[in-house]
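The structure appears right after this line, and notes come after that.
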Amino acid sequence: MHIKVTYMNKRINELAHDLILEHIHSDSIIVDATTGNGHDTLFLAKHVKHVYAYDVLQTAIDHSKLLTKDYQNITYLHKSHEFITTDIPTYDGIIFNLGYLPGGDKKVSTTLETTIKTLKSIHQKHQGFVLIVAYPGHDEGLKELCFIQTFLDQTKLSYRIIKNNFESKKQAPQIFFWKY
Ligand SMILES: C[S@@+](CC[C@H](N)C(=O)[O-])C[C@H]1O[C@@H](n2cnc3c(N)ncnc32)[C@H](O)[C@@H]1O
């Protein structure tokens, strides 16, 4: 196992997009496990062949659809990301932006329970890359982040952690990235 931790001078979502660009191409099929307001889905749709975008909130799907209205290469799935590996037999990567819909209902957040379930099924499938932006600034987010770190350590996979320099250390979101 090898862990590489990098600190960068950019916003976390920009760092995530930079890293995604290094691992996708125009033929890629990528899953956005948490479409939210659609910023990541839009970014992916511009660069890859097809995007599958999940969210449990209809409001999120509606926002994302509006933002990506000029793109026909997106399939929206109004359901939990727990079903990714059964819904989509072949993909090149999966991205997660954990937490709740910015500007939306904070009670509808990704949870430790579903995140564990989904990551275990992805691990069984052993396919493509996984990128997760995790937010330890709220209770459930901290639990998710701790679980991901422990889970990765147990799998013996090599993985990267990327953080930025300018957010307070305790609250700072971080990126986990690994490839099967
Ligand atoms: C931080 S937001 C995502 C931001 C988004 N990637 C963007 O670019 O705007 C997290 C989203 O995850 C969704 N979510 C929560 N639990 C989920 C689950 N089990 N499966 C899929 N989406 C979920 C929330 O409804 C919320 O919209």
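Selection over region 124-141 of residues that are assigned to a strand (DSSP E or B) and at pLDDT below 95 gives a count of 0. Within the option set Asp32, Asp92, Asp40, being more than 8 Å from the ligand (Cβ to nearest atom) and of a type in the set (Asp, Glu) holds for one residue only, Asp92.
Residues of region 87-104 that are farther than 18 Å from His39 by Cα and either in contact (Cβ under 8 Å) with a residue 12 or more places away in the chain or touching a Ser or Thr at 6+ places or on another chain (Cβ under 7 Å) (or both): Asp87, Ile88, Thr90, Tyr91, Asp92.
Checked against (1) assigned to a helix (DSSP H, G or I); (2) at pLDDT below 95; (3) under 20 Å from Arg11 (Cα atoms), Ser168 meets all criteria but (1).
Here is the figure for region 91-138: residues that are within 19 Å of Ser158 (Cβ to Cβ), among the small types (Gly, Ala, Ser) and out of contact with any helix residue (DSSP H, G or I) (no Cβ under 6 Å at 6 or more places or on another chain) total 2. Filtering region 27-51 to residues that are surrounded by fewer than 22 Cβ atoms within 10 Å (Cβ to Cβ) and not in a helix (DSSP H, G or I) leaves Asp27, Ser28, Ile29, Asn37, Val48, Lys49, His50. For region 90-107, filtered to residues that are loosely packed, with under 15 Cβ neighbours inside 10 Å and at pLDDT below 95, the residue that is farthest from His47 (Cα to Cα) is Lys107.
The number of residues in region 107-121 that are over 17 Å from Tyr135 (Cα atoms) and outside any helix (DSSP H, G or I) comes to 0. Taking region 108-153 as the search range and keeping residues that are within 19 Å of Trp178 (Cβ to Cβ) and of a type in the set (Lys, Arg), which one is surrounded by the most Cβ atoms within 10 Å (Cβ to Cβ)? It comes out as Lys125.
The values are calculated or read from the model by the stated rules, or taken from the named source; none is laboratory data. Everything numeric here is computed off the predicted structure, so don't read it as measured data. FYI the Cβ positions are ideal-geometry reconstructions off the backbone, even for glycines, and counts take in every protein chain you see.
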